[in-house]
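Here is the structure we will look at, set down as structure tokens.
Quick note: the coordinates plus some simple rules give every number you see, no bench work behind them. If you're wondering where the values come from, they're calculated on a predicted model, not measured in any experiment. Using ideal geometry, Cβ is built from the backbone for each residue, glycine included, and neighbour counts are taken over all protein chains shown.
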Amino acid sequence: QEAYYIAGKPTEAVKVLKKLTHNAVAERRFDDASYYFWKLSMAYLKLANQSQSRGSEEEVNQYLDKFQDYQHRAEIYYVYQTLHRYTEEPFTSHLPEALFNMARFLLHNLSQEIPYGVSKVSILYALAKQSKNMGAYKMARHAFDKLQQLVTPRRFQQAIDLSSITIRSKPFQDKEELLPMCSKCSTTNPLLNQMGNQCINCQQPFVHSFYAFEVLPLVEFIPENGISDLEAVKLINQDPPTTGGKGWQETNQGDVQTMSFENANTSHYDNDTFETRLQNWESMTSYQPVEVGSEILKMMPRSEVVVLKWGSPLRYQFYKNLMPDIILDTCDSCNRIFYADDLELQYLQKQACPFCRKSVVQPEPSQAE
């Protein structure tokens, strides 16, 4: 496949990748299938870039549709690999919360089509079992009801039948602490979301950590018209501007001496902040990212901004972290977001990104060390 690319034959390279992907799914190597689908998506992104340089808009749209489809399939098989192993093997290295989040992620992303090789029974069984253990009884009841309507393996039937009865004795509600909250509009969403993987109120798609699959406190924003992606990144990387504040001031009033501090970072656009723009979603009938100008971009701390740098013809994606204490990290190759500790652990265990398998280049030790 790489040889075809070197030889300048991307079409043949794509055919090889498609064959490898089909074989991986047929052999239940879902992690390999995820990797091949990701490779396919990036191949179509390159083809879209080439078509854009030729001025063929129709081809660009076709290739971008393929890119989005294969990115989606790569995520599905990446998550399903863990749930498949959980239902087939006696042990798992993932925490119950991670399995619960993964099952919900798949349930909300497979509302229309089930990809080849993916078992809905495995997803629902894992979801039902973990929901019951964690106190999400309403979700567990829904999963067990769905399982009763499907053909299940014999080794699951007794456990499903028994749990379907015992779950009726539990409250018909989910624990409040398990309900995901939208960072944009602060709406508490139900575990079983009829709208899929997005907020029921403002419709912002949820962004997940790609290991624990928890919903991250991120809000998407876009630069105003006239500001390119590179200019936006440059503005974010700048130090916040100051307007000549006086700092500490001493005042003598007879026998009383006082010290006051005038904030040097106050400015005429203090009233136009990201938080004030965030409140404008109410005037929108459909989902739109928060639109910010150059002044707000300058005031954003670089550590609180996540930038996903997609290749042309796609634009960059910008996210504001509303909980700066939570440290996030991004793989520059696949643009997946992780908790920094989770990604570091994966790098130590696998020496590569768990999603795109980009290897970690270890720096050479210096002579001083």
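I need the GluC sites (Glu not before Pro) found in segment 147-246, filtered to DSSP loop residues with at most 14 other beta carbons within 10 Å of theirs. Could you put the intermediate results ahead of the total?
On the way: sites: GLU176, GLU177, GLU214, GLU220, GLU224, GLU231; in loops: GLU214, GLU224.
The qualifying sites are GLU224.
Any idea what diffusion coefficient segment 49-101 gets from Stokes-Einstein, in µm²/s, Kirkwood Rh on alpha carbon pairs, 37 °C, 0.692 mPa s? Intermediate values should be presented prior to the final figure.
Details: Rh = 13.7 Å.
Diffusion coefficient, whole number: 239 µm²/s.
How much net charge surrounds ALA128 when only other residues with a Cβ under 11 Å from its Cβ are counted (Lys, Arg +1; Asp, Glu -1)?
+3
With contacts defined as alpha carbon pairs under 8 Å and 6 or more residues apart, what's the relative contact order of segment 10-144 in percent? Write down the numbers at each step before the final one.
Details: 141 pairs, mean separation 27.1, N = 135.
Across segment 10-144, relative contact order equals 20 percent.
What lysines sit close enough to LYS175 to cross-link, taking a C-alpha to C-alpha distance under 29 Å and skipping anything fewer than 8 places away on the same chain?
In chain and number order, the partners are LYS120, LYS129, LYS132, LYS138, LYS146, LYS184, LYS320.
Which lysines does LYS39 reach when only Cα atoms under 18 Å apart count, and residues fewer than 8 places away in its own chain are ignored?
Those lysines meeting the cut-off are LYS9, LYS15, LYS18, LYS19, LYS66, LYS309, LYS358.
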